[in-house]
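Peer 1: Okay, here's the structure, questions in a sec.
The values are calculated or read from the model by the stated rules, or taken from the named source; none is laboratory data. Just so you know, these numbers come straight off a predicted model, no measurement behind them. Glycine gets a Cβ as well: all are built from the backbone with ideal geometry, and neighbour counts include every protein chain shown.
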Amino acid sequence: MAAQRLVILGAGFAGSYVAHYLGRAAGRLRVTLVDPHNYTLYTPLLPEAASGTVEPRHVVVPVRQMARRAELVLGRATAVDQSARTVHVQPVAGEPLLLDYDQLVVALGAVPRTAPVPGLLEHASGFKTIAEAIHLRNHVLQQLELASIAGDADERRRLLTFVFVGGGYAGVEAMAELEDLVHDAGRYYPGLRDVPRRWLLVDVAERILPELGGPLGAYATRQLERRGIELRLATQLAAADGRSVTLSDGERIPCATLVWTAGVRPHPLVGALGLPVDDRSRIVVDEYLRVPGRPGVWALGDAAAVPNAATPGSVDPPTCQHALRQARRLARNIDAGVRGRPLRPYRYRMLGQAATLGRHKGVAIVLGVRLRGWIGWWFTRTYHLYQLPLLSRKLRVVSDWTVGLFFPRDLAELGTLGSPEPLEPPAAVPARRSRAPRTGRPSSRGIADE
Ligand SMILES: Cc1cc2nc3c(=O)[nH]c(=O)nc-3n(C[C@H](O)[C@H](O)[C@H](O)COP(=O)(O)OP(=O)(O)OC[C@H]3O[C@@H](n4cnc5c(N)ncnc54)[C@H](O)[C@@H]3O)c2cc1C
């Protein structure tokens, strides 16, 4: 029997794990991944990549190493023709491609959920991709450099004011890690010793990290406030103009950094696929992760509303740990279907949650036990290490952490990384002179002219 063709849209956490698990079904299925990148980003370590405690390259995992038996098409899916069973792909270079499929997995993930705030799109950075993490790191380091040469005291204060919007895991961890970076960098900027740094975390909710529950959320709040981070809760960003932000209570805050981490929504292509979606635009799937009424189509991860037999009545939250378990079940169900075996419903009971707060502090809930402080931080790091795919990546991250114990942080601002200066045009050719008579004197290379 010829192998069935399976196309996976998105080689993020969910898609790459589906391909990885289907490696065992290589003879029965020909798996093709479509993604504009050839790596999977391990987002839980993104805040550490931004602050420099982990080398950014070490928090991405090459897809070709993770899913060795799958083909990778480097490009963006642009449309799916469900009646012809084809995917339209725009490769990163070259002509558009058409990929045929027998089965399709949609794992397109999510994008930041922005709000209609004047100036937001023009002046805020996101924090979801490795490019954004590196950009933010460079930007923050650049503000220190600019502040160190700014003549005006108000301008120095503005350059060292950092505003984050969104008090979930991404916002809290990113802010805590970057505050650490600026704190540690301070000793190399003696001229800025007396300039106050201001860090503000804005959220429309009444508390930060609501997923962690009362006591741990309260602990995280105390830790951040003790470090001087201003929490502006029950408050919204009202406007941004590139030199300041205005909050919903009317306060205008001069600042040079605005980071938006206020939630996600499914990838925009999801809405154009013609699949059933729920009220939050996530693809509806049944307990086997199949899209109802669309034979051969499956979905998972942040782009889907996945029912979980272990938590009846609610769908999974958008996290790596859920995407990973969904991927394992989905891969097994696809393989079972190909082999004519019964499918099994998806069931996963979450083991815990964890977040780092910088400065060797963290919070975690493991099997109902609450951990905080140093032990919470240690558990969070250990858990991420365990979850990070590939032994080689784990070892690289451990070596980064070990080096970080003994040496100061790297403060190089590599803002031009990835956009090198263009080549210089050829030097003007001097006007030709008539040949000088031969003298037999040595040339500049010490070799006598012929
Ligand atoms: C800063 C941050 C920190 C986080 N921390 C944690 C944490 O500590 N623990 C946790 O469990 N979860 C965490 N998460 C959530 C976690 O990252 C997501 O739940 C997880 O990545 C979802 O996996 P996914 O495959 O659905 O989406 P993604 O991993 O986002 O993958 C989607 C993929 O689709 C690709 N794609 C996009 N457009 C196209 C296209 N047109 N064609 C083809 N491919 C396309 C993208 O390149 C990407 O590779 C964090 C998220 C962020 C942003």
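Peer 1: Go through the stretch 266-292 residue by residue and tally those that are more than 26 Å from the chain's Cα centre (by Cα) and within 12 Å of the ligand (Cβ to nearest atom).
Peer 2: Final tally of qualifying residues: 0.
Peer 1: Still on this structure, I have one more. Just name the residue that is surrounded by the most Cβ atoms within 10 Å (Cβ to Cβ) out of those in the stretch 282-292 that are β-branched (Val, Ile, Thr) and not in a loop (DSSP other than H, G, I, E, B). Walk me through it before giving the result.
Peer 2: Narrowing the stretch 282-292 to residues β-branched (Val, Ile, Thr): 283-285, 291.
When the remaining residues are screened for being not in a loop (DSSP other than H, G, I, E, B), the result is 283-284.
Values: 283: 26, 284: 17.
Taking the candidates together, the pick is 283.
Peer 1: Report, ordered by the first and then the second residue, all pairs with beta carbons closer than 6 Å, sequence separation of six or more or different chains, a first member in the stretch 314-337 that is without any contact (Cβ under 8 Å) to a residue 40 or more places away in the chain, and a second member that is away from the ligand (no atom under 13 Å from the Cβ).
Peer 2: Listed by first residue and then by second, the contacts come to 315/307; 316/308; 336/343.
Peer 1: Please work out which one of (1) away from the ligand (no atom under 11 Å from the Cβ); (2) acidic (Asp, Glu); (3) closer than 30 Å to residue 184 by Cα is the condition residue 81 fails and give its number.
Peer 2: Of (1) away from the ligand (no atom under 11 Å from the Cβ); (2) acidic (Asp, Glu); (3) closer than 30 Å to residue 184 by Cα, only one is false for residue 81: (3).
Peer 1: Follow-up. Against the definition (under 26 Å from residue 409 (Cα atoms), more than 11 Å from the ligand (Cβ to nearest atom) and of a type in the set (Val, Ile, Thr)), how does residue 54 come out, yes or no?
Peer 2: Working: under 26 Å from residue 409 (Cα atoms): yes; more than 11 Å from the ligand (Cβ to nearest atom): yes; of a type in the set (Val, Ile, Thr): yes.
In short, yes.
Peer 1: Follow-up. Report, by residue number, each residue of the stretch 338-358 that is surrounded by 15 or more Cβ atoms within 10 Å (Cβ to Cβ) and either away from the ligand (no atom under 14 Å from the Cβ) or touching a residue at least 60 places away in the same chain (Cβ under 8 Å) (or both). So that I can check it myself, show each step before the final result.
Peer 2: So the first thing to find is which residues in the stretch 338-358 are surrounded by 15 or more Cβ atoms within 10 Å (Cβ to Cβ), and the list is 338, 343, 346, 348, 350, 352-358.
Of everything in the stretch 338-358, those that are surrounded by 15 or more Cβ atoms within 10 Å (Cβ to Cβ) and either away from the ligand (no atom under 14 Å from the Cβ) or touching a residue at least 60 places away in the same chain (Cβ under 8 Å) (or both) turn out to be 338, 343, 346, 353, 355, 356, 357, 358.
Peer 1: With 11, 2 as the choices, which residue is near the ligand (Cβ under 10 Å from one of its atoms) and assigned to a loop (DSSP other than H, G, I, E, B)?
Peer 2: Working: 2 fails: near the ligand (Cβ under 10 Å from one of its atoms).
The match here is 11.
Peer 1: While we're on this one: Check whether at least one residue in the stretch 169-183 is surrounded by fewer than 18 Cβ atoms within 10 Å (Cβ to Cβ) and out of contact with any helix residue (DSSP H, G or I) (no Cβ under 9 Å at 6 or more places or on another chain), and report yes or no.
Peer 2: To start, the set of residues in the stretch 169-183 that are surrounded by fewer than 18 Cβ atoms within 10 Å (Cβ to Cβ) comprises 183.
Within this subset, residues satisfying the condition of being out of contact with any helix residue (DSSP H, G or I) (no Cβ under 9 Å at 6 or more places or on another chain) are 183.
Looking through the stretch 169-183, at least one residue is surrounded by fewer than 18 Cβ atoms within 10 Å (Cβ to Cβ) and out of contact with any helix residue (DSSP H, G or I) (no Cβ under 9 Å at 6 or more places or on another chain).
Peer 1: Take the residues in the stretch 293-323 that are among the hydrophobic types (A, V, I, L, M, F, W, C) and surrounded by 22 or more Cβ atoms within 10 Å (Cβ to Cβ), then tell me which one is farthest from the ligand (Cβ to nearest atom).
Peer 2: Taking the stretch 293-323 as the starting set, the residues that turn out to be among the hydrophobic types (A, V, I, L, M, F, W, C) are 297-300, 303-306, 309-310, 315, 320, 323.
Right, trim to surrounded by 22 or more Cβ atoms within 10 Å (Cβ to Cβ) and you get 298-300, 303-304, 306, 323.
Numbers: 298: 13, 299: 9, 300: 7, 303: 6, 304: 8, 306: 10, 323: 4 Å.
Among those that are among the hydrophobic types (A, V, I, L, M, F, W, C) and surrounded by 22 or more Cβ atoms within 10 Å (Cβ to Cβ), it is 298.
Peer 1: Give the residue that is farthest from residue 42 (Cα to Cα), with candidates limited to residues of the stretch 367-407 that are of a type in the set (Ser, Thr, Tyr) and surrounded by fewer than 14 Cβ atoms within 10 Å (Cβ to Cβ). Don't jump to the end; show me each part of the working.
Peer 2: Start the filter on the stretch 367-407 by keeping residues that are of a type in the set (Ser, Thr, Tyr), which leaves 380, 382-383, 386, 392, 399, 402.
Narrowing the set further to residues that are surrounded by fewer than 14 Cβ atoms within 10 Å (Cβ to Cβ) leaves 382, 386, 392, 399, 402.
Working: 382: 14, 386: 12, 392: 14, 399: 17, 402: 20 Å.
Looking at the filtered set, the residue picked out is 402.
Peer 1: Has the stretch 76-94 got any residue that is of a type outside the set (Lys, Arg), buried (at least 17 other Cβ atoms within 10 Å of the Cβ), closer than 30 Å to residue 359 by Cβ and touching a His at 6+ places or on another chain (Cβ under 8 Å)?
Peer 2: Looking for residues that are of a type outside the set (Lys, Arg), buried (at least 17 other Cβ atoms within 10 Å of the Cβ), closer than 30 Å to residue 359 by Cβ and touching a His at 6+ places or on another chain (Cβ under 8 Å), one finds none in the stretch 76-94, hence no.
Peer 1: Provide a single number: the residues in the stretch 262-273 that are touching a Leu at 6+ places or on another chain (Cβ under 8 Å), assigned to a strand (DSSP E or B) and of a type in the set (A, V, I, L, M, F, W, C).
Peer 2: Residues in the stretch 262-273 being touching a Leu at 6+ places or on another chain (Cβ under 8 Å), assigned to a strand (DSSP E or B) and of a type in the set (A, V, I, L, M, F, W, C): 0 in total.
Peer 1: Tell me, which strands (runs of 3 or more DSSP E) wholly within the stretch 72-115 include 2 or more residues that are more than 21 Å from the chain's Cα centre (by Cα)?
Peer 2: Values: elements: 86-91, 97-100, 103-106, 110-112.
In the stretch 72-115, 86-91, 97-100, 103-106 are the strands (runs of 3 or more DSSP E) which contain 2 or more residues that are more than 21 Å from the chain's Cα centre (by Cα).
Peer 1: I'd like to check which strands (runs of 3 or more DSSP E) are fully inside the stretch 221-261 and have at least 1 residues that are without any contact (Cβ under 8 Å) to a residue 24 or more places away in the chain.
Peer 2: On the way: elements: 230-232, 237-240, 244-247, 252-254, 257-260.
Those strands (runs of 3 or more DSSP E) span 244-247, 252-254.
Peer 1: Which of the numbered conditions does residue 63 fail, given that it passes all the others? Conditions: (1) at positive phi; (2) near the ligand (Cβ under 9 Å from one of its atoms).
Peer 2: (1)
Peer 1: A further question follows. Hey, among 388, 357, 343, 371, which residue is modelled with pLDDT of 85 or more, within 19 Å of residue 213 (Cα to Cα) and either in the same structural domain as residue 315 (by TED's automatic domain parsing) or within 20 Å of the chain's Cα centre (by Cα) (or both)?
Peer 2: Working: 388 fails: within 19 Å of residue 213 (Cα to Cα); 343 fails: within 19 Å of residue 213 (Cα to Cα); 371 fails: either in the same structural domain as residue 315 (by TED's automatic domain parsing) or within 20 Å of the chain's Cα centre (by Cα) (or both).
When all the criteria are applied, what remains is 357.
Peer 1: Further, regarding this structure: For residues that are within 13 Å of residue 262 (Cβ to Cβ) and out of contact with any Pro (no Cβ under 9 Å at 6 or more places or on another chain), scanning just the stretch 111-123, find the one that is surrounded by the most Cβ atoms within 10 Å (Cβ to Cβ). Before you say what the answer is, go through the steps one by one.
Peer 2: Within the stretch 111-123, the first condition is being within 13 Å of residue 262 (Cβ to Cβ), and the residues that meet it are 111-117, 120.
Applying the additional criterion that residues be out of contact with any Pro (no Cβ under 9 Å at 6 or more places or on another chain) yields 112-117, 120.
Working: 112: 18, 113: 14, 114: 14, 115: 12, 116: 6, 117: 20, 120: 18.
Residue satisfying both the conditions and the ranking: 117.
Peer 1: Let me ask something else about it. Can you pull out the strands (runs of 3 or more DSSP E) entirely within the stretch 299-380 that have at least 1 residues that are closer than 30 Å to residue 180 by Cα and among the polar types (S, T, N, Q)?
Peer 2: In the stretch 299-380, 352-356 are the strands (runs of 3 or more DSSP E) which contain 1 or more residues that are closer than 30 Å to residue 180 by Cα and among the polar types (S, T, N, Q).
Peer 1: Look at the stretch 132-156 and say how many of its residues are under 15 Å from residue 170 (Cβ atoms) and among the aliphatic types (A, V, I, L, M).
Peer 2: So the answer is 2.
Peer 1: For residues in the stretch 18-41 being within 8 Å of the ligand (Cβ to nearest atom) and out of contact with any strand residue (DSSP E or B) (no Cβ under 6 Å at 6 or more places or on another chain), which is farthest from residue 298 (Cα to Cα)?
Peer 2: 37
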